Every structure is written in structure tokens, then in C-alpha cells.
Amino acid sequence: MSTGTRRATIADVAREAGVSTSTASVVFSGKVNVADATREKVLAAAAALGYTGPDPRAASLRTGRSGIVGVVLGGELRHAFLDPVTTVMMDGLTDALASISAGILLLRDDPRDDEPPPIADAPVDAVVLIGCSTRTREVLDVVRQRGLPVVVIEGDAGDDVPEVSLDNRQASARIAQYVFQLGHRRVATITLPLDPARERAPLTAQRVTAATVPVTLDRLSGFREAYPDAPGISAGGSLVDEGYLVARTLLASDDGVLLDDRPTAIVAQSDLLAVGAIRAAEDLGLRVPHDLSVVGFDGIAADGLGSLVLTTMSQPALAKGRAAGEQIARMLKGERGESVHFTCEFREGDTAAPPAA
């Protein structure tokens, strides 16, 4: 039997196999058991006709759903996926969404010129927001207007929005206190970006007050519990190169001469920034941890450290992503979404030690 250029339908398969359309349908749905002989007849007919399964467009029209969950990330997507934490978190998210056969659509949180955010007309059934800065709050308003289920990962969107949170402040305070107990008093911090401008610049009261990235602010607040007056510089992203450039500024003059009042320890807000700081120290002739202690945050498998093991706070990135996906799945089934909180674990390596006498 030939259907020409027309896409074969389940009715065509049923006729070819000599069964009812409903029987052919359940073979592909997998929701009802059928006899092996019947299943084989239907699958053979489908193969002969080139039928691979129900048309997803028809299913979308029937259910009113696209089968897609929008994931809104801040800034350039290429920057986001240079961060192993983001990629691991996305793995967890897609794992959880597989239970409802949903895919993901990645979107930036910034509109072009005066246009509305991309999420405004994206064909999605639900939305996951990464963080909740001023810009993503505008996205949240659009999502609410559309009546879509939404979950926020590490950002406060209000009591009515389920949040997947991390103890950023407490974890940052813990590792800063560890450095303090080692005896370090001249300490500096390298932070994640403060706002969408992603400016690499010294921290000032004015810049911190105007900052809009919750994760950065929470980790900075934790650090300030141990070092209220310590200097710091915001990086342009969670990148090794950014950590390198900022650490060079903290440790040496423009011509590479070590500063007399340089910090004896650097507390970085990500492991990638910490790796960059260690590389900068080594290029300047400093030994880690003998001449400079460096600690990070995230617990990733950091490359480029040789035999060193980074001292850091390890976060459950995979579980965070999976929790967000599970809550989306719940809400798409008509259930109420719930907030989920995770904590970090201190992981002692060998990049921090008491300051040299």
C-alpha cells in the first residue's frame, strides 16, 4: 500500500496490519498490553509504510501543549555553558523532564531594543528561571501574564513561585570562617558579576547597593561575616580567564611587581575563578598554598591544577536541576509546586594553609 508523499497515519498502519485503529494506537502508546503477535504485525506494517509514530504537531493541537519547557538564562548563552555548574544542572533538569516527555528551549532574559522578552511568545508549557535579577523579574511578569507554571532556581520570585534554593550565604560564611581560622587577615574576594553589565571592577558600596544578582550578593554577604572590610573585585563571569585577570590586579602592579600589601588569601565565588587565581599566582612566582591560599565555591572537577586539590564548598548542581524539573512536572499535572532547599558541603583540599610567618 502506498500513501505517496502524504505522511502515513495510524489509520493507514491499522489497515495494513488488519487491526483496528485503536489497537494500532495502543501499540505505539505503550499504555496497554497487547499480544506479541499483534504488536509485531502493527510494527511490521508501520515499517513498511515508513510510519515512526504519532505526529507531535497533532498531539500538540489535541492537548493544547507544546511539550517544551522554556529555560531562561541571564546573558550570553555561550558564557552560561562555559560554566560546568550550569551544564550539570541542565542535565538534572532534562532528566526530570524526561518523565513527562518534555524538551527544553533555552532563552536569554534580555529583550532586543524595545521588544518584549523572548519568552513573551515562545511556544512553551512552563518556564524555569535561572536566578531572579531585576531583568528576570520582568520576564517573570510576562510568564505570569501568560499563566504558565514557573520555577526559579536560586532567586526569590515571591512566596507564590516555587524556588530551588541553595544556602549561598551560609556556605560562603563557612569557607570564609575557615580561612579566618587559618590566621589570614589580609584577604580579598573575587565575586561573580554584580549585574547584567558584568563589569570587572573593584567592589564599592555604591556598586554593591545597585547589584541585582542574588547569588553574588548572598555569597558576598557570607564572606563579609568574617571579613567586613576586605577588598574585592567583581569578575566579568565565572571563567578561568576572569579569575586570572582579577587575581593579577590583586597581587601585583601592572608591570608584574608583587604588591607589598597583597592578600595572603583569596576567596573566590566560583571554582573557575579560583583556578584562574591560582594560575595567576603561579605565573607571578607565588606558591599555593605556601605564599597564597585560594578557596573556591561549587565543587566542580576543576582542570589545570596539577596535583593540587581545591578547597571549596561543593553544591549539588545535578540535584538542583532535577528538583526544578520535578516541580515543573508536578505543576503540569495540575499539582501544586513546592520550594526545595539544598545545602553545600565543605570540601577540604590543599590550596589553603596558614599564612607564612
Per residue of region 249-261, in order, report the coupling 6.51 cos²θ - 1.76 cosθ + 1.60 (Karplus, θ = phi - 60°) as ³J(HN,Hα) in whole Hz, putting x for Gly and Pro.
-> 5, 6, 9, 8, 6, 4, 8, x, 7, 4, 6, 5, 9
Between region 229-244 and region 332-352, what's the alpha-carbon centroid distance in Å?
-> 24 Å
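Could you please state how large a percent of the accessible area of the chain is carbon and sulfur, counting protein chains only and using a 1.4 Å probe?
Values: 8550 of 17130 Å².
Here it works out to 50 percent.
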Using r as the Cβ-Cβ distance of Ser22 and Ala319, and R0 as 56 Å, what FRET efficiency do you calculate, to the nearest 0.05?
-> 0.85
Quick one: helix 271-283 against the long Cα principal axis of the chain, what's the angle to the nearest 10°, folded into 0 to 90?
-> 40 degrees
So who's got an amide H within less than 5 Å of the one on Ser270, skipping anything under 5 residues away but keeping other chains? H placed 1.01 Å off N, in plane.
-> Phe297
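Roughly what % of DSSP beta bridges within the chain run antiparallel, to the nearest 5? Each step should come with its number before you reach the end.
Details: 6 of 37 bridges.
Once the DSSP bridges in the chain are tallied, antiparallel ones form about 15 percent.
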Scalar couplings 3J(HN,Hα) for region 237-243 by Karplus 6.51 cos²θ - 1.76 cosθ + 1.60 (θ = phi - 60°), nearest whole Hz, x for Gly and Pro, are x, 7, 9, 4, 4, 5, x
Points 7 angstrom from Cα along the Cβ direction at Arg146 and Arg185: gap in nanometres?
-> 5.6 nm
Ala301 versus Arg347, label points 7 Å from Cα toward the beta carbon: distance in nm?
-> 1.1 nm
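Return the FRET efficiency for the residue pair Ser221, Asp260: r is the Cβ-Cβ distance, R0 is 22 Å, and the value is rounded to the nearest 0.05. List each step's numbers first, then the result.
Values: r = 30 Å, r/R0 = 1.36.
So, using R0 = 22 Å, E works out to roughly 0.15.
Report, in cubic angstrom per residue, the convex hull volume of the C-alpha atoms of region 184-313.
Details: hull volume 13.5 nm³, N = 130.
It is 104 Å³ per residue.
Hey, what's the chain come to in accessible area per residue, 1.4 Å probe, Å²? Before the final figure, lay out each step's value.
Details: 17130 Å² over 357 residues.
Per-residue accessible area for the chain comes out at 48 Å².
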Based on DSSP H runs of at least 4 residues, each adding -39500 (n - 2.57), what is the mean residue ellipticity at 222 nm of the chain after dividing by all its residues, to the nearest 500 deg cm²/dmol?
-> -12000 deg cm²/dmol
Karplus (6.51, -1.76, 1.60) ³J(HN,Hα), θ = phi - 60°, over region 212-227, in Hz, Gly and Pro reported as x | 10, 9, x, 4, 4, 5, 5, 5, 5, 4, x, 4, 5, 5, 9, 10
Hey, rough spin-label estimate for Ala120 and Thr209, points 7 angstrom out along Cα→Cβ, what's it come to in nanometres?
-> 3.3 nm
For Ala252, other-chain or 5+-apart residues with amide H closer than 5 Å (H placed, Pro excluded) are Leu259
Any idea what angle helix 317-332 forms with the longest principal axis of the chain, computed on alpha-carbon atoms, 0 to 90 degrees, nearest 10?
-> 40 degrees
Show the residues, 5+ positions off or on another chain, whose built amide H is closer than 5 Å to the amide H of Gly232.
-> Thr189, Leu203
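The values are calculated or read from the model by the stated rules, or taken from the named source; none is laboratory data. None of these values were measured; they are calculated from a predicted model. All Cβ positions, glycine included, derive from the backbone under ideal geometry; neighbour counts span all protein chains shown. Note: accessible area is taken over every heavy atom of the protein model, side chains too, but ligands, DNA and RNA are not part of it. Shrake-Rupley method; radii C 1.70, N 1.55, O 1.52, S 1.80 Å.
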